[in-house]
1. If I go through the range 19-33 residue by residue, how many of them are under 12 Å from the mean Cα position of the chain (by Cα) and free of Cβ contacts under 8 Å to residues at least 24 places away in the same chain?
2. With the requirement that a residue be aliphatic (A, V, I, L, M) and open to solvent by 30 Å² or more (accessible area, probe 1.4 Å), what does the range 6-15 give you?
3. When the range 66-76 is examined, which residues are found to be under 12 Å from SER93 (Cβ atoms) and buried (at least 16 other Cβ atoms within 10 Å of the Cβ)?
4. Quick check on my filter: what residues within the range 27-52 are surrounded by fewer than 14 Cβ atoms within 10 Å (Cβ to Cβ) and at pLDDT below 90?
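The values are calculated or read from the model by the stated rules, or taken from the named source; none is laboratory data. Since the model is a prediction, treat every value here as computed from it, not as a measurement. Virtual Cβ from ideal backbone geometry, glycine too; neighbours counted across all protein chains shown. The area values use the complete protein model at the heavy-atom level, side chains included, leaving out ligands, DNA and RNA. Shrake-Rupley method; radii C 1.70, N 1.55, O 1.52, S 1.80 Å.
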Amino acid sequence: SAGWMYRLILESLLGLRLEADKLRFEPCLPAEWEEFKVHYRYRETIYHITVRQTPAANNKMIGEQSVTIDGVEQQDNAIPLVDDRQEHHVEISRPAVPSQTQQ
């Protein structure tokens, strides 16, 4: 059951989705969480991923997310997984969804 709990947290709460050779994040986080970090290993390559929630007022549109890998913005908001035996730094910025108690 520990394995299922681990999978539930990764997939449901943190929103990690592996799609063939791409990784996507669609987290369902409390508004109070400002960020979290994941160190993801793909074969011999390490991806240091930081997911940050920004206040919705600071975003151009509700639901807008950006993904950058080593400073380069990705057009499809996915992390292409490449086994180049390097370390990569990924930053994901997404708007926080206001909680029901904040109004």
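1. Going through the range 19-33 one residue at a time, the tally reaches 2.
2. LEU8, ILE9, LEU10, LEU13, listed by residue number.
3. Correct list: VAL67 only.
4. Residues satisfying the conditions are CYS28, PRO30, GLU32, TRP33.
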